[in-house]
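Let me begin by presenting the structure, written as structure tokens, before commenting on it.
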Amino acid sequence: MQQSPFKTRLNMINQDVVELLYSNAFNGLLITILSVSAITFGFDSGAGQETKQRVWGIILVFTLIRGLDAAYWFIKLRHANYAPELPFYRFFVGSVFTAVLWAVFGISFFDSMSTLEFASTMTIMSAMAGGAATVLAPSMLLVITYTTIMLIPMSLRAIYDHRDEYNMLGFLGVLFWISMCGASSRANLFIRRAIEIKHKNDELVDLMRNEQNEVKRVNLQLLESNQKLDQANNNLENEVLRRTQEIHRLSNRDPLTGLMNRTAFMQHFEWMIEQSVPSKNKLAILFIDLDGFKQINDTFGHQCGDAVLTAVATQLSQFCETDCAGRWGGDEFIMVLPYADEVAATAIGQAARSSLANIKQVGGNDVSIGATIGIAIYPNHSEDAATLVQLADLTMYFHKRSTPGVVGVFSDSLYDTLNEEVRLRDGLRQAIQRQEIHVVYQPIIEAGTKKLWAVEALARWCFHDQWISPAVFIPLAEKTGLIQDIGNWILHRACIDTAQWPDDSLSVSVNVSVLQMLNDNFIRQVDQAINSSGLAPHRLHLEVTESIFADDMAILTDRIAALKARHIHIAIDDFGTGFSSLSLLQALDFDLLKIDRAFVQQITEGNDTIVRATLLMAKEFGCKTVAEGIETPEQAAILEAMGVDCLQGYLFAKPLEKNALIKWYTNQHHSKHNSQ
Ligand code: C2E
Ligand code: MG
Ligand code: MG
């Protein structure tokens, strides 16, 4: 059942109400004591004075008890969370009892009071009731009870008095009570609303506090999440950085040696050139190629080869700054030296090469490491990184062919030579097709009879109206592989020309490169040349140089055996200039030894030891001997006297075109005939 608003207002008991009541208690009690004391001792009631003072005493004691109760609330309960009923009832009872005491006091001494005393008492009690209308207003029940007890008995007593002025004061008391009831009702309403608002405020404050706490909590969570996110981000960034560095390292480094790879080196070199552009500081680029690395790989295996490359990389790194050395590929390394001119770069290159030579043991194997180094200088030779590397490479390559193991600097003449080589190489490719290759024949004379015994077929190349020496184009043809076609063409030409010779006494000696011999088609090509020309095989001599001993002996032995089986003669050309193993000489079963021009030319100076030894050896092996490059009759006479079988040289004839050879032969024949 819902309570009426009035009842609610009367019964409303809570901590706020109690707090409002108690917080004003000390003032009210003090006023009570002062007021009751003033009336007790301010007016002399004669015989009733003593009773009055007793009542005063009771009021005083009771007020003090209420004071203690107020103090108890003030100290103990004010800030605590307590059940409001009991303190409220204590306060209620105390206040009502105070009012009762006042009423008893007033009515008891009414008759003995003077008009002034009554008026004063009535005024004080009205003032007390008036004060209570606001101070006790938190409890409507209390304020109504209090003011009623304070004013009504005293006012009614005054109204029923016979004196008009008392009646007047009694009526005024009742009117005052009515207005006080109204005032206290409004005050109560106001307080109630205030309390409600306060409660709402408290709720709002609580709500806000909760919200704030929630916001704080969420913020804290957010902060924690952010920190975790930051941490995760940092971890991620570090990981990305680490992986990027790893990828960068892997993509820039040669995995075996740890040096920069080709791409990374070029980038770095280009950057170094950019830095050097304003001041034109010199930069030397060294292209390093190991000598004999293939042999190390072949002999000791790839593992040892790898270890050698690593050792080389370590050594080279000591001759330049960090990130100034790279592996170009295979056994090629590259180095850039800032502020180094030709002299400094050569000195450092030589020191680096010597340090490589000091690597003597790798993986328990005895190794010997050499290197050929080509140098190009920025900005002298070029201002472009790629061109500089190319020039250093060309320089290395140039020296590698002629004098491996040197440190050479690029020069214009070297460039011209290499350029010429490129020009010749390109020209040589089309030389056969354009019929630029010719064969000339140099007569070989029988020593005793001075008869033409054989001719040596020698290749000639006429390139752009210029005769190119075979000493130039044969090595070029060997390097480019063109020697196969050129050699085969010459073989065919020589066989055809010789087969067409008027009589069958003439043999032809054809120079054969070792690369031709190693070719699987070689025997077939020889057969074809013989078959197509119709030349008797024994009239064909094939000249090989001693260099064949350095190559695959098993194949060469087979080839020579196959040729010998066809009665083709084998000659060792330029004998004495290379390295011949006597046992191999014996095994390969040669027919002819050609003593090199160098020994022939020494012979007039009395230097005949090698020729003598060669002749002895030839005799032992059952070979014929041919002395090459005879230019003087003395040379011819000495060699003939020493027992050389055949003679060849400008003294008898230079290499001649086929027709010129026939003419020469005819002339020779006639003059001999005439002289007989
Ligand atoms: P080679 O086989 O020892 O040829 C002899 C060389 O000595 C020839 O040089 C010849 O012209 C030269 N010569 C002969 N008599 C004299 C002389 O009295 N004095 C001087 N100073 N030189 C003389 P050429 O024709 O320039 O050939 C050089 C080399 O080129 C040849 O040396 C040979 O090894 C190679 N060659 C020439 N033609 C061919 C060929 O068709 N195939 C192969 N594989 N090599 C060839
Ligand atoms: Mg020869
Ligand atoms: Mg020779």
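At a glance:
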| quantity | calculated |
| --- | --- |
| Residue-level accessible surface for C623, protein heavy atoms, 1.4 Å, Å² | 20 |
| Accessible area of T417 in the full protein assembly, 1.4 Å probe (Å², nearest 10) | 60 |
| Net charge over other residues, Cβ less than 10 angstrom from the Cβ of L585 (K, R count +1; D, E count -1) | -3 |
| Cα-centred dipole magnitude for the chain, charges only on beta-carbon of K, R (+1) and D, E (-1), debye, nearest 20 | 3360 |
| Probe 1.4 Å, accessible area per residue of region 375-468, Å² | 46 |
| Relative packing of 428-434, 279-285, which averages over residues the other C-beta atoms within 10 Å, highest first | 279-285, 428-434 |
| Net charge, I377 excluded, C-beta distance under 9 Å - Lys, Arg +1, Asp, Glu -1 | -1 |
| Crossing angle, helix 633-642 versus the chain [Cα axis fit, 0-90 degrees, rounded to tens] | 90 |
| Region 254-410 - percent relative contact order, Cα under 8 Å, separation 6 or more | 31 |
| Selection from H381, Q231, C181, by position along the positive dipole direction of the chain (Cβ) | C181 |
| Pairwise label distance in nanometres, V215 with H438, each label 7 Å out on the Cα-Cβ vector | 10.8 |
| Surface share of carbon and sulfur [accessible, 1.4 angstrom probe, percent] for region 5-204 | 69 |
| Accessible area in the full protein assembly, largest first, 1.4 Å probe, for F599, F522, F74, F398 | F74, F398, F599, F522 |
| Charge sum, other residues only, whose C-beta stays under 13 Å from N519's C-beta, Lys/Arg counted +1 and Asp/Glu -1 | -4 |
| In Å², nearest 10: area of I159 left accessible to a 1.4 Å probe | 40 |
| Whole-percent pair-distance distribution, where bins are 5 Å wide, for the alpha carbons of region 11-79 | 4, 16, 21, 18, 14, 11, 8, 6, 3, 1 |
| C-alpha center-to-center spacing [region 137-165, region 521-593] in angstrom | 159 |
| Region 5-204: C-alpha gyration tensor shape, a/c 1.5 cut-off, then a/b vs b/c | oblate |
| Percent antiparallel among DSSP beta bridges (both partners in the chain, rounded to 5) | 60 |
| Compactness of the chain as Cα Rg over 2.2 N^0.38 Å, two decimals | 2.57 |
| Rh (Kirkwood; distinct C-alpha pairs) - region 195-332, Å | 20.9 |
| Mean Cα-pair separation over length for the chain, i.e. relative contact order, pairs under 8 Å, 6 or more apart, % | 7 |
| Amide H within-cut-off set for E631, under 5 Å, with H built and near neighbours excluded | L651 |
| Rounded tilt (10° steps) of 25-42 against the dominant C-alpha axis of the chain | 20 |
| Distance from region 474-498 to region 91-133 (C-alpha centre basis), Å | 154 |
| Sites Y72 and A232 - FRET efficiency at Förster radius 51 Å, r taken between beta-carbons, to 0.05 | 0.25 |
| Whole-angstrom gap from region 613-676 to region 220-294, using each part's C-alpha centre | 70 |
| Where H569, H538 fall by accessible area, highest first, once all protein chains stay in place (1.4 Å) | H538, H569 |
| Reachable aspartates and glutamates, given that their alpha-carbon falls under 16 Å from the alpha-carbon of K76 and they are not under 8 places away in the same chain | D16, E19, E85 |
| Helix 658-675 axis, angle to the chain major axis (alpha carbon atoms, nearest 10°) | 30 |
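The values are calculated or read from the model by the stated rules, or taken from the named source; none is laboratory data. A quick note: this is a predicted structure, and the numbers were derived from the prediction, not measured. Virtual Cβ from ideal backbone geometry, glycine too; neighbours counted across all protein chains shown. Side chains are part of the model used for accessible areas, which takes the heavy atoms of the whole protein and leaves out ligands, DNA and RNA. Shrake-Rupley method; radii C 1.70, N 1.55, O 1.52, S 1.80 Å.
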